[in-house]
Amino acid sequence: MLACVFGAGGGIGAALVEALAARPDVTRVIAASRSPGEADGKVVPVACDVTDEAAVARVAGLLADSPPD
């Protein structure tokens, strides 16, 4: 399963990314935040400010281009 979390830079979003990445049925987690960290295992960090329509469209493009699990 592919998962995507916006607001992954801290707090609940970061905890959700961690929890999803620990699940065996999750193959990849797109972690969108204004200040993305480093890729780590299943986690793919992506720079995204949700107030920027172009940035959100880039994340949507990543999801659309991902093959189904």
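One way to sum up the overall shape of segment 27-69 is the equivalent ellipsoid from its Cα gyration tensor, whose semi-axes run 18, 15, 5 Å, largest first. Solvent exposure of the chain, expressed per residue, is 63 Å² of accessible area, with all protein chains present and a 1.4 angstrom probe. Among the protein heavy atoms of the chain, carbon and sulfur supply 58% of the accessible surface, probe 1.4 Å, non-protein parts ignored.
The values are calculated or read from the model by the stated rules, or taken from the named source; none is laboratory data. Predicted, not measured: the structure shown is a model, and the values here were computed from it. Calculation scope for accessible area: heavy atoms of the full protein, side chains included, ligands and nucleic acids excluded. Shrake-Rupley method; radii C 1.70, N 1.55, O 1.52, S 1.80 Å.
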